[in-house]
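The values are calculated or read from the model by the stated rules, or taken from the named source; none is laboratory data. It should be emphasised that the depicted structure is a prediction, and the values quoted were computed from it without experimental measurement. So basically every Cβ, Gly included, is an ideal-geometry build from the backbone, and we count neighbours across all protein chains shown. All accessible areas refer to the heavy atoms of the entire protein, side chains included, with ligands and DNA or RNA removed. Shrake-Rupley method; radii C 1.70, N 1.55, O 1.52, S 1.80 Å.
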Amino acid sequence: MRLHRLSLRSYRGVASCDLTFAEHGITVVEGDNEAGKSSAAEALHLLLEYRDDSSHRRVQAVKPLHHDAGAEVEAELSADGLRFTYRKRWHRDHSTQLRITGPRPEVVTGRAAHDRVRELLAQSVDLELWRALSAPQGAALERPELRDHPSVVAALDQAAGGALGTPGESDLVERASSEAGRWATPLGRPKAPLVDLRRRAADADRSVAEHQAAIEALDADVTWCADLERRVADLAPRSEALALAASVAAAEAVEVRERHAEVENLAVAARLAASEAVVAGTGVAGRAALVAGVEAAEAATLLAGRAVDAADRAAEVSAAELSDAVAAAAAAAGEAEAAAAAAAATEAVHLELRRAAATAQVASQLAELESALGVVGRLRADIARDEQALAANPSSPDALAAVQEAHDEALKAEAAAAAARPTVRLEALRHLDVLLDGEPEAIGAGATTDHVVADRLVIELSEHVRVTVAAGAAAGVLEARHRQARQVLVDRCERLGVDDLQHARLLEDERRALVTRLSSQRAGLGDALGGRQVGDLVHLVDQARQELAATGSPAPGPAPTAEALEAARARWEDACQRSRLACRASDRAADQAAVAEGSARRLRQAQEHADAGLAVARGDLRQRLDRLGAARASTPDAALVDAAAAATVHARVADGAWREAAAQVDDGELQRALQTAQRAAVERDGAARALAELREDLAGIRSRLQLQGEGGLHERLAEARRLATAVAAELRSAEERAAASALLLATLTRHRDEAARAYGAPMRAELERLGALVFGDDFAVELDDELRISRRILGGDPVPWSELSVGAREQLSVLSRLAAAVIVSADGGVPVVFDDVLGFTDPGRLERMAAAFADAAGRCQIIVLTCEPSRYRHLARATTLSLARPRGVPARQAG
Amino acid sequence: MVRFVHTADWQLGMSRHFLDTDAQARFTAARMDAVRRIGTLAEAQRCDFVVVCGDVFESNHLSRQIVLRSLEAMAAVPVPVFLLPGNHDPLDASSVFRSEPFRTHRPPNVHVLVGAEPIEVVPGVALVGAPWRSKRPGSDLVAAAVAELPADGTLRVVAGHGAVDVMSPDRTDPARVALGSVEAALADGRVHFVALGDRHSRTDVGGSGRVWYSGTPEPTDFDEVDPGLALVVELDAGSCDVTTHRVGTWHFVEHRTELVDGAAVTQLGRWFESLPDKERTAVRLSLIGTLGLEDHSALLELLDHQAQLLASVQRWAKRSDLVVLPSDDDLGRLDLHGFAARACDELVSMAAAGGEPGAVAADALALLHRLATGRAA
């Protein structure tokens, strides 16, 4: 597309403006601010994009100022082999007109004209690129995004050998991404449908495995059951055989046991016969013992009779000794009682004397306490009186010192004032009557009177003369100080209640005397109390009085002497000594009587024992005689001897029979038979128990099998397998689709990226070619995926875009637009419009940028709008247009 | 003389994991209906009884519903039905024949051959069973069953289950049926017909004409030869006449085809159209060759369509080798010139290299084709 001419009428503040651009190369449109440069750039966009009846704010914004008319824009363009004039008026009387001038003239108006131009441009012009390449004011620092502009992409793709293919191919990547995105995230993680299918497949496989395991368990139970049946079949006859063997062994054991019992019976009979022989022998010996016992009892009875006689004699002697001892003891007891009575009498006398002494001591203490209580009472009254006087006395050493100080100050002030007062001396030369302060005074002739003037003195000598004498200012001050000092003295005396210093001194002397007396009184009181309280003293008096009253004697007599007391105590102790001796004699007599009584008692007991021994000996003799008589009556002594001989013979025969039978049996035979029977029984029981357990297991497993067998396990397994097969097929299909989509996406993306890198190369090459004119031959750039400059490289040193200076970024942005415009120029291209760019570029770079502009202008149309024509003075072959300022706008007004 | 129906491998309650829920329901019902058709056959052929030689049920662990429905179908058979436990339903502790629903609801005409003792099914005719008592018997059950039988003039039919030694490659299997002992018993006149189950294809075993596998009455898999039959046996001591009767309604069809272009896909479509009983037909395809993206899309559409009609359409991955590569026409339709064309070239190279990455690349190309031509997924 080429822009040949642009006219604005009533457009914003521009009343009329016509610009005719160079068809090739650079057109520089210069003008002051508000001359309409930016409006011209904007007007072409409005013309191509908005209908004449548009209410878009951008259209509304270009209404002419200060007069009621419609904004109008007309452009002459060529594109796709056509040259046409296109005009629109908005706001009022809006209209559109397209006039095609060649190759075949044609005029279209209204909406059809608008649509026709849109259609024409859509076929041949990349309007989006045109907008991107246009650099309005302030936008030159931004890198144009060229990646999405079809014309740029097409041009680059063509330059790179057609790597991008058709536009639909780009969509393929999106569709492949969408398909792959159904199954996996961009990072390759499976998404919910695939995860769910995998989980379902795993669940289905697990279900199959569980059912298979259940059936295998069932089959194992069946095998076990068969095994149990076989074992039962094997064990049942063996159990029966063992039962039979056990019963045989038990019978044999019974038979052996019976034979052994017979031998044992013979042994018992032998032992019985031997016992009977022993018993018969014992009977003969017993009879001999009975005879010997009767003889011994007769001898014992004789001895006991003799012992009774001896005891009777000893008892008689002991009774006489006891009677004497009792009489002696009674006499000693009487003497002891008399001595005790004498001791009690002397003790009573001694106690009475001690009580009289104690009463006298209490009476003495009471007298002392009452005296002390009287002294205390007097002292306390004195102290109370003096404390009251002291409280009434306001004086203190400090107060007296203060009065003394004020008195001294007053004296000093008075002396100073007196010294400062003027003195008027009147000397009467002849008699003189004068009025002094109005008071008449007569001064005799030759007399002199002095008058001290404290403040002022008015002297009237006659009705003609009045003399006023006034003290000076210094005297006044001293007088005032004197008065002040006096006042301080008076105030302090008043506070102390005295008239003057003398009075204050007397008051202080009185106070000191009171303090001294109080101290003395308090010391006396302390002495009288002796460390006690007054209450204690009163209590002690009461206590002494009560003790005295308790003695019962209203007037206690004189206290006994110490000698009288000591004599009474000696008499009492002597009586006590005699009483103790009498008691000990009485005790000894009593002991002797007790000894005699004990001896008599023991002799009486010996007498009783001797009597009892005699009775026992006589009883024993009688019993023995009775037993011997009875035995001989039952069996005579000769019969006993014969029976013993016969029993001995019988015992010998029985012993012989037992020994003969015992020789016929084996000692271990019975033990072995019993053990055999026991073993057989154990084996029988073990087999029976094992058989019962097997049968129980068998019954249990048959019951379980029956229950499980009816559960339809086979069908459930089949259903689980069917489901697992179906899910596995579904999963396999999904996995295949996921893998296919992932592979397709990866392959497409990789080739697209390679293509992108390939078609980015021409752009970079063109940019570096133009940039070398500005920055030098070592200039290079790196582009990002959006074909924007990401880094500039100078001398091999790369600098990221964000770290470039503002000027460098502006220059690179302009170069990017120029490079893109050059690249698309082969297919018609679009004009590049720069509005007030390179404001940040130094003069040296401006000159080199001019070279880049000039180079690009060889292949595309460039329009530069500027208010600083000097920036472009190096563009030697540029067409320059000037825009006049609108009327009413000052030349230097800021834009 | 006696006439009876020889059948086996009903495998009632069988499930096929490649059938969807609806097709599985049809498949299960068809096996029940086959029992009723056998009853109809027995009546039409004036048979004295029906003997089922093992694998009556698919498993011992079936639901009560399956057992009850099976018994209901057997009750409709107008003659006695003798059931032999096989390897799928052995007479072990969990046997379906000992289950409460079976014991409680067994119709009077239904009998289980629980031992080898001969049962006189009609006067002068005895049925000798060799039931499986576990899934892995330790010996030849048929040989044991016939070993002690006398040649006393009784017409005997032996019902057995398992592989015959001359047809089984597993020499270590102790349960194989020894054809020699069977034929010796036949030659001695101790037995007169040996009815076998386990093999799903009808088979005349040996040269006696008296040893048969009836095959399964309803097909169960793709590798069965001539399934869907029941045998009617007319027997006496001197003759044995065996006739086959179709009772099955399902078809398991394997189809192998080479696909090289759109015409081959069209041809495959015609083959599908020729299949009868589509709702009872399961198809397993082995596809080989190379298809362009457009033709492959057409193939996928065809298979999706037929999967709606048929009981099942499977691609047998193990026997398939179908490579999908964009043809020149495909690439022309894509109209790619730029980076996408280069990406497409790379994917074509990957796909042509084959292997797992090649398969992913082929899928990616198909996706590219779909995205570029704007087709729905």
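Within region B:48-76, residues that are within 23 Å of B:Val158 (Cα to Cα) and not assigned by TED's automatic domain parsing to the domain that holds B:Arg31 reach no partner that is of a type outside the set (Gly, Ala, Ser) and not in a helix (DSSP H, G or I) with beta carbons closer than 8 Å at six or more positions or on different chains. Hey, among the residues in region A:382-411 that are among the small types (Gly, Ala, Ser) and open to solvent by 60 Å² or more (accessible area, probe 1.4 Å), which one's nearest to A:Arg483 (Cα to Cα)? Among those that are among the small types (Gly, Ala, Ser) and open to solvent by 60 Å² or more (accessible area, probe 1.4 Å), it is A:Ala392.
Can you tell me which of B:Ala372, B:Ala359, B:Ala317 is within 7 Å of chain A (Cβ to nearest Cβ) and among the small types (Gly, Ala, Ser)?
Within the list B:Ala372, B:Ala359, B:Ala317, the selection yields B:Ala372.
Just for region A:169-213: of the residues that are of a type in the set (Asp, Glu) and closer than 23 Å to B:Leu336 by Cα, which one is nearest to the other protein chains (Cβ to nearest Cβ)? Among those that are of a type in the set (Asp, Glu) and closer than 23 Å to B:Leu336 by Cα, it is A:Glu169.
A single member of A:Thr301, A:Thr346, A:Thr359 is in contact with a Phe, Trp or Tyr (Cβ under 7 Å, 6 or more places away or on another chain), open to solvent by less than 50 Å² (accessible area, probe 1.4 Å) and of a type in the set (Val, Ile, Thr), and it is A:Thr346.
Scanning region B:10-52 for residues that are more than 14 Å from chain A (Cβ to nearest Cβ) and among the aromatic types (Phe, Trp, Tyr) returns B:Trp10, B:Phe49.
Restricting the first member to region A:214-227 and to residues that are more than 7 Å from every other protein chain (Cβ to nearest Cβ), and the second to residues that are part of a helix (DSSP H, G or I) and modelled with pLDDT of 90 or more, no beta-carbon pair is closer than 6 Å while six or more apart or on different chains. Check whether at least one residue in region B:100-122 is surrounded by fewer than 18 Cβ atoms within 10 Å (Cβ to Cβ), free of Cβ contacts under 8 Å to residues at least 40 places away in the same chain, under 26 Å from A:Leu228 (Cβ atoms) and among the hydroxyl-bearing types (Ser, Thr, Tyr), and report yes or no. Within region B:100-122 (the criterion being surrounded by fewer than 18 Cβ atoms within 10 Å (Cβ to Cβ), free of Cβ contacts under 8 Å to residues at least 40 places away in the same chain, under 26 Å from A:Leu228 (Cβ atoms) and among the hydroxyl-bearing types (Ser, Thr, Tyr)), the answer is yes, since at least one residue qualifies. Residue pairs whose Cβ atoms lie under 9 Å apart, sitting 6 or more positions apart in sequence or on different chains, and linking a residue in region B:126-149 that is away from chain A (no Cβ under 14 Å) to a partner that is assigned to a strand (DSSP E or B) and modelled with pLDDT under 90, do not occur here. Of all the numbered requirements in (1) of a type in the set (Gly, Ala, Ser); (2) facing chain B (nearest Cβ under 9 Å); (3) buried (at least 17 other Cβ atoms within 10 Å of the Cβ), A:Gly760 misses one, and that requirement is (2). Restricting attention to region A:211-228, the residues being in contact with a Ser or Thr (Cβ under 9 Å, 6 or more places away or on another chain) and open to solvent by 40 Å² or more (accessible area, probe 1.4 Å) number 3. Inspect region A:602-611 for any residue being surrounded by 13 or more Cβ atoms within 10 Å (Cβ to Cβ) and either polar (S, T, N, Q) or over 22 Å from A:Ala307 (Cα atoms) (or both) and give the result as yes or no. Yes: region A:602-611 contains one or more residues that are surrounded by 13 or more Cβ atoms within 10 Å (Cβ to Cβ) and either polar (S, T, N, Q) or over 22 Å from A:Ala307 (Cα atoms) (or both).
Here is a yes/no grid of residues against (1) within 14 Å of chain B (Cβ to nearest Cβ); (2) open to solvent by 90 Å² or more (accessible area, probe 1.4 Å):
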site	(1), (2)
A:Gly629	no, no
A:Ala643	no, no
A:Gln664	no, yes
A:Ala687	no, no
A:Arg702	yes, yes
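Restricting attention to region B:149-193, the residues that are out of contact with any helix residue (DSSP H, G or I) (no Cβ under 8 Å at 6 or more places or on another chain), open to solvent by 60 Å² or more (accessible area, probe 1.4 Å) and assigned to a loop (DSSP other than H, G, I, E, B) total 9. Look at region A:272-287: where a residue is closer than 19 Å to A:Leu628 by Cβ and a partner is crowded, with 17+ Cβ neighbours inside 10 Å, sitting 6+ places away or on another chain with Cβ atoms under 6 Å, you get A:Gly283/A:Leu640; A:Val284/A:Leu640; A:Val284/A:Ala644; A:Arg287/A:Leu640. Each residue in region A:17-51 was checked for being among the hydroxyl-bearing types (Ser, Thr, Tyr) and closer than 11 Å to A:Leu883 by Cβ, and 2 of them qualify.
Only one residue in A:Arg238, A:Arg287 is open to solvent by 60 Å² or more (accessible area, probe 1.4 Å) and either at pLDDT 85 or above or part of a helix (DSSP H, G or I) (or both). Which one?
Details: A:Arg287 fails: open to solvent by 60 Å² or more (accessible area, probe 1.4 Å).
Only one candidate qualifies: A:Arg238.
In region A:98-114, which residue that is out of contact with any helix residue (DSSP H, G or I) (no Cβ under 6 Å at 6 or more places or on another chain) and closer than 14 Å to A:Leu47 by Cβ is surrounded by the fewest Cβ atoms within 10 Å (Cβ to Cβ)? So that I can check it myself, show each step before the final result.
Just the residues of region A:98-114 that are out of contact with any helix residue (DSSP H, G or I) (no Cβ under 6 Å at 6 or more places or on another chain), to begin with: A:99-107, A:109-114.
Checking which are closer than 14 Å to A:Leu47 by Cβ leaves us with A:99, A:113-114.
On the way: A:Arg99: 17, A:Ala113: 22, A:His114: 23.
That would be A:Arg99.
Listed conditions (1) under 18 Å from A:Thr101 (Cβ atoms); (2) in contact with an Asp or Glu (Cβ under 9 Å, 6 or more places away or on another chain); (3) open to solvent by less than 10 Å² (accessible area, probe 1.4 Å) are all met by A:Leu77, apart from (2). Of the residues making up region B:334-356, just one is within 8 Å of chain A (Cβ to nearest Cβ), in contact (Cβ under 8 Å) with a residue 24 or more places away in the chain and surrounded by fewer than 21 Cβ atoms within 10 Å (Cβ to Cβ), namely B:Asp335.
Return the only residue of B:Glu234, B:Glu254, B:Glu218 being in contact with a Lys or Arg (Cβ under 8 Å, 6 or more places away or on another chain), surrounded by fewer than 21 Cβ atoms within 10 Å (Cβ to Cβ) and under 30 Å from B:Ala317 (Cβ atoms).
On the way: B:Glu234 fails: under 30 Å from B:Ala317 (Cβ atoms); B:Glu218 fails: surrounded by fewer than 21 Cβ atoms within 10 Å (Cβ to Cβ).
Only one candidate passes the filter, namely B:Glu254.
Only one residue in A:Arg378, A:Arg354, A:Arg425 is of a type in the set (Lys, Arg) and closer than 30 Å to A:Gly524 by Cβ, so which one is that? Exactly one residue qualifies, and that residue is A:Arg378.
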